[in-house]
Each structure stands twice: as C-alpha cells, then as structure tokens.
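Colleague: Submitted below is the structure of interest, expressed as structure tokens.
The values are calculated or read from the model by the stated rules, or taken from the named source; none is laboratory data. What you see is a predicted model; the values in this text were computed from it and never measured. Glycine gets a Cβ as well: all are built from the backbone with ideal geometry, and neighbour counts include every protein chain shown.
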C-alpha cells in the first residue's frame with residue numbers, strides 16, 4: 001500500500017515561494033511512488049489560539065479538518081517561510097490549534113523544507129521549527145531542504161537549478177524510505 005504524505009506550507013499568501021516549494025514537494029512525492037495530500041492553509045482560516053475562545057466556542061472545524069488530513073497521513077512535509085529568523089505566526093497557530101484535537105497527531109516522520117530570497121534559504125526558521133517539533137516528540141528527519149535565492153531558484157513554479165531539483169528528490173526519497181521502514185517495523 002502506498003504511503004500517504006501530508007504536504008503544506010506555513011504561508012497563506014497566494015504567490016508564496018514556500019507554497020510553490022510545497023507543491024513541488026507534493027509532485028515529487030507522487031514521482032517517488034507515494035500519495036501526496038496537499039493543503040493550502042489559506043483554505044483553513046483559524047483564529048489566533050486562545051484558551052478562552054476554545055473553552056467558549058470549541059475547536060474550530062478548520063482545525064478538525066486539518067487534524068483529519070494529518071491523522072490519515074504516514075508522514076509530513078512542512079515547508080516553512082522564515083519571518084524574522086523564526087517561523088510564521090500562521091504555522092505556529094496552525095500547529096497549536098491542530099494539537100488541541102490530539103497533541104500527538106504530528107508524531108510521524110517529518111521532512112522540513114524552506115526557501116527564501118536570502119542566501120540562507122530559511123535555515124534559521126527551520127532550526128526554530130525543528131526545536132519546536134522535537135519538543136513535541138515529532139521524528140524530524142535529519143535531512144532537510146533549504147533553497148536559497150528564491151527569486152532566482154523558483155521560476156514559474158519550478159526549481160531552476162539542477163542542484164535544488166536533486167536536493168528535493170533526495171529529501172523526499174529520504175522521507176519515503178523512512179516511512180517505509182517505520183511501516184515495515
């Protein structure tokens with residue numbers, strides 16, 4: 001049975017470089033023989049997490065819908081923009097709401113990826129995301145994907161450089177292999 005990998009970007013912006021990278025990752029998952037489930041967080045608007053709001057109104061249906069997609073997956077690809085050296089508020093808020101449904105839902109093999117216009121490719125934000133997920137007992141792959149110079153690297157929704165294409169293939173292959181090992185155990 002094919003592995004199902006949930007793919008999303010921590011950006012709602014329609015022209016987001018990271019959303020483009022997430023879509024490329026989903027396509028690469030399919031090429032690797034697994035099934036990709038891509039979610040656009042713009043389609044799952046959530047209020048800022050507030051315990052009082054949760055107590056009075058419950059968990060938003062958008063969080064429950066995302067939870068169902070993640071719970072059904074064997075692995076995750078999280079593509080995170082870097083804002084001020086960290087992760088986006090949208091990504092953190094999404095994680096906070098979804099874990100209110102089940103705090104362990106993200107505990108499956110996870111690949112982190114990022115791109116940015118700068119020369120670091122969002123690596124500082126990935127370090128923060130890795131620390132957050134590790135604290136949550138999420139098995140984050142050692143291999144991650146960081147694509148620098150997004151304006152030049154992503155051209156019409158495609159990776160322009162062969163080394164970035166190879167890095168994406170390698171990272172997705174590592175995730176698929178890890179998932180297969182977990183399923184076989």
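Yes/no matrix, rows are residues, columns are (1) surrounded by fewer than 16 Cβ atoms within 10 Å (Cβ to Cβ); (2) at pLDDT 95 or above:
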{"site": "131", "(1), (2)": "yes, yes"}
{"site": "141", "(1), (2)": "no, yes"}
{"site": "147", "(1), (2)": "no, yes"}
{"site": "156", "(1), (2)": "yes, no"}
{"site": "171", "(1), (2)": "no, yes"}
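Colleague: How many residues are outside any helix (DSSP H, G or I) and over 22 Å from residue 20 (Cβ atoms) if we restrict to region 119-139? First the steps, then the outcome.
Modeller: Start the filter on region 119-139 by keeping residues that are outside any helix (DSSP H, G or I), which leaves 119-122, 136-139.
Filter again for over 22 Å from residue 20 (Cβ atoms), leaving 136-139.
Within region 119-139, residues that are outside any helix (DSSP H, G or I) and over 22 Å from residue 20 (Cβ atoms) number 4.
Colleague: Kindly list the number of the only condition in (1) surrounded by 13 or more Cβ atoms within 10 Å (Cβ to Cβ); (2) closer than 22 Å to residue 88 by Cβ; (3) modelled with pLDDT of 95 or more; (4) out of contact with any strand residue (DSSP E or B) (no Cβ under 8 Å at 6 or more places or on another chain) that fails for residue 177.
Modeller: (2)
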